[in-house]
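Some notes on the structure that comes next.
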Amino acid sequence: MELQELRSFIRGLPKAELHLHIEGTLEADMIFAFAQRNQVPLPYASIEDLKNAYQFTDLQSFLDLYYAGAAVLQTEQDFYEMTWAYLEKAAADGVVHAEIMFDPQTHTGRGIPMETVFAGIAGALRQAKPGLGISGSLILSFLRHLSEENAFATLEQALPLREAYRDVWLSIGLDSSEKGNPPEKFERVFRRCKELGFRLVAHAGEEGPASYVRDALDLLGAERIDHGVRSEEDPALMQRLQQEQVPLTVCPLSNLKLCVVGDLKEHNLKRLLEQGICVTINSDEPAYFGGYILDNYVATAQALGLSKEQLVQLAANSMAARF
Ligand code: HPA
Ligand code: ZN
């Protein structure tokens, strides 16, 4: 298929985006605009200068820059505008449903009230159905480089808002530095979240070993695995993922930019799909990794030679894996 034909074919498939960090949709020009509006100093002379810094060697090298960029988010309006800009791009890519992760600790740790974060992000998401035809929900994600105690405190801070945001806040996730922060570190707080009736997801098997994927399922009760590409290193785990149809929210351009794979042609997404795993394609941090969901589908389709049937399957998987 020609590139334009491929793009419009994929755009036309109803898709759900299930692995998207809203702070990762903060485009460099938005970072500059918000910094100016909020009088936040930036260590970059220009937008170009900032973009030139987007050269990552691993997850941590990215996270350091990503958390610094998020510091320009100060007001409800900032969170609203960031989220709305994402939703507009998602709609243009043919996304009909978005489950959006946000990291409250990145903001409350800087003195931004939890209410401000919720009001801005949820405010935009609630407008998405009438305004753009996108349904969705929010995944409050704990930062795994911080303590479980900090995660518990964050949960306590957010729970008073649960009633007001019951229509959108459905889920809990786990992200940030995987190596050295295994799932077991968050076993108690995830148990509490399950008791409270939240849906559960966790990043695992991006840089961490296949055993982290197993532990995310067994110890955390995760219903979907974010990334999970290293599951392939454990055949018994692969069989389980296939039998239980545990969705993997794979992010090909992220994997490329963070050097999880050296080349998209080496990505295991097609093999996972052909082994009957419920694989989905997502954008993770589109502002930093060079593309939104449609770019991820197109680049992967081209690199791996995915068939039309496989593209249809990927989109159908994403719709089936929605909460
Ligand atoms: N992995 C772990 N933590 C993250 C990521 C990711 O890809 N993106 C944002 N936080
Ligand atoms: Zn992620």
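The values are calculated or read from the model by the stated rules, or taken from the named source; none is laboratory data. A quick note: this is a predicted structure, and the numbers were derived from the prediction, not measured. When we count neighbours, we look across all protein chains shown, and the Cβ atoms used for this are built from the backbone with ideal geometry, even at glycine.
Below are the figures for this structure:
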read-out	value
Pick from the range 8-51, criterion crowded, with 18+ Cβ neighbours inside 10 Å and among the charged types (D, E, K, R), ranking: nearest to ligand 1 (Cβ to nearest atom)	E23
Matching residues in the range 14-60 - criterion: being aliphatic (A, V, I, L, M), within 24 Å of Q77 (Cβ to Cβ) and touching a residue at least 24 places away in the same chain (Cβ under 8 Å)	L20, I22, L26, A28, M30, I31, A35, V40, L42
Some residue of the range 146-167 being small (G, A, S), without any contact (Cβ under 8 Å) to a residue 12 or more places away in the chain and not in a loop (DSSP other than H, G, I, E, B)	yes
From R214, R230, residue being under 28 Å from E148 (Cα atoms), outside any loop (DSSP other than H, G, I, E, B), among the charged types (D, E, K, R) and more than 16 Å from ligand 2 (Cβ to nearest atom)	R214
Options Y86, Y80, Y67; residue that is at pLDDT below 95 and either surrounded by fewer than 18 Cβ atoms within 10 Å (Cβ to Cβ) or within 18 Å of the chain's Cα centre (by Cα) (or both)	Y67
Filter result for the condition that a residue is away from ligand 1 (no atom under 16 Å from the Cβ), among the aliphatic types (A, V, I, L, M) and in contact with a helix residue (DSSP H, G or I) (Cβ under 7 Å, 6 or more places away or on another chain), over L217, L258, L304, L269	L304
Candidate set: the range 230-259, residues that are aliphatic (A, V, I, L, M) and touching a His at 6+ places or on another chain (Cβ under 8 Å); chosen: the one farthest from E23 (Cα to Cα)	L248
Qualifying positions in the range 295-323 - assigned to a loop (DSSP other than H, G, I, E, B) and either under 13 Å from P247 (Cα atoms) or touching a Leu at 6+ places or on another chain (Cβ under 9 Å) (or both)	L306, A321, R322, F323
Of all residues in the range 168-200 being among the basic types (K, R), within 21 Å of the chain's Cα centre (by Cα) and in a helix (DSSP H, G or I), the one that is surrounded by the most Cβ atoms within 10 Å (Cβ to Cβ)	K185
Pair list, Cβ < 7 Å and 6+ apart or interchain, from the range 216-233 residues that are under 13 Å from D175 (Cβ atoms) to residues that are more than 16 Å from ligand 2 (Cβ to nearest atom) and aromatic (F, W, Y)	L220/F190
